[in-house]
Amino acid sequence: MKISCIIVEDEPLAMERAKEYVGKLPYLHLLETFDNGADAMVYLRLHPVQLILLDINIPGISGIQLLETANTRCEVVLITAYEKYALKGYELNVTDYLLKPYTFDRFVQAMDKVQYNLQRQATTAPDYIFIKTSWRLEKVALEDILYIEGRRDYRKVYTQQKQIMTLQPFGWFEQELPPQQICRVHKSYMVAIAKIDSIEKDGILIAGITIPVSETYRKQFYALITRG
């Protein structure tokens, strides 16, 4: 399984070290890098990732502030030169804490923890969600979902049996649905990867419908479908 990740680090040498270590592990897929917390926060609002490699002392929004305000449930490995932040990191339930300068062996130990956590989550995650409609909470099996379409204030969930209208925003779906199964591909669409019939340059064919892939989500989408 490929693990999608981002690096948030403002020190050029530390950034290069992190990128080098990520590149040595074939199961890690680096989506983006950031040298400040504000840009990382904007990215995370649109792109769910599985792992953040996060420096604490970064310009603007600190790593701690980013974790406290960003709505993300991914694995987080803190990177810092200061031991004093270790307790705060564990209070925020981070996966591991790397003290600069860290070795490649220590980095691998942290990634082993990330892999373990993600595999455990995959085996214990429910295979259904409850979607709020105008009249009730409707149980929907994840394997039945084909795609989700945004229609102004509403989202329309297309399943193999029926269609469900809901006011639940895309952000809610992205938090509730496992991205390796159902992912965002456009500001107005999420798709079930297993239900894709074919993929063209700018479109995904599912159940006879062509769904666009926007530039914003293209890199993340192709990282998921080419995971090894």
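The values are calculated or read from the model by the stated rules, or taken from the named source; none is laboratory data. Here the structure is a predicted model, which is why all the values come from computation and not from measurement. Cβ: placed from backbone, ideal geometry, glycine included. Neighbour counts: every protein chain shown. Note: accessible area is taken over every heavy atom of the protein model, side chains too, but ligands, DNA and RNA are not part of it. Shrake-Rupley method; radii C 1.70, N 1.55, O 1.52, S 1.80 Å.
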Near pairs, Cβ below 6 angstrom, 6+ apart or cross-chain, from the stretch 107-120 (under 13 Å from Val77 (Cα atoms)) to any residue that is open to solvent by less than 40 Å² (accessible area, probe 1.4 Å) and in a helix (DSSP H, G or I): Phe107/Tyr21
Sole exception among (1) modelled with pLDDT under 95; (2) closer than 26 Å to Cys74 by Cβ; (3) touching a helix residue (DSSP H, G or I) at 6+ places or on another chain (Cβ under 9 Å); (4) surrounded by 12 or more Cβ atoms within 10 Å (Cβ to Cβ) for Gln160, by number: (2)
Residue list for the stretch 150-161, restricted to those being touching a strand residue (DSSP E or B) at 6+ places or on another chain (Cβ under 9 Å) and part of a loop (DSSP other than H, G, I, E, B): Gln160
Selection from the stretch 1-28 of residues that are assigned to a helix (DSSP H, G or I) and open to solvent by less than 60 Å² (accessible area, probe 1.4 Å): Ala14, Met15, Ala18, Tyr21, Val22
Given (1) open to solvent by 20 Å² or more (accessible area, probe 1.4 Å); (2) among the hydrophobic types (A, V, I, L, M, F, W, C); (3) assigned to a strand (DSSP E or B), index of the condition Trp172 fails: (3)
Failed item, numbered, when Leu31 is tested on (1) without any contact (Cβ under 8 Å) to a residue 60 or more places away in the chain; (2) among the aliphatic types (A, V, I, L, M); (3) more than 13 Å from Phe107 (Cβ to Cβ); (4) open to solvent by less than 20 Å² (accessible area, probe 1.4 Å): (1)
Number of positions in the stretch 175-205 that are within 13 Å of Arg218 (Cβ to Cβ) and not in a strand (DSSP E or B): 4
Residue identified as farther than 23 Å from Ile196 by Cα, of a type outside the set (S, T, N, Q) and surrounded by fewer than 11 Cβ atoms within 10 Å (Cβ to Cβ) among Arg151, Arg136: Arg136
All positions within the stretch 206-228 that are without any contact (Cβ under 8 Å) to a residue 40 or more places away in the chain, open to solvent by less than 70 Å² (accessible area, probe 1.4 Å) and part of a helix (DSSP H, G or I): Arg218, Phe221, Ile225
Residue list for the stretch 108-133, restricted to those being open to solvent by less than 30 Å² (accessible area, probe 1.4 Å) and either assigned to a strand (DSSP E or B) or among the acidic types (Asp, Glu) (or both): Ile129, Ile131
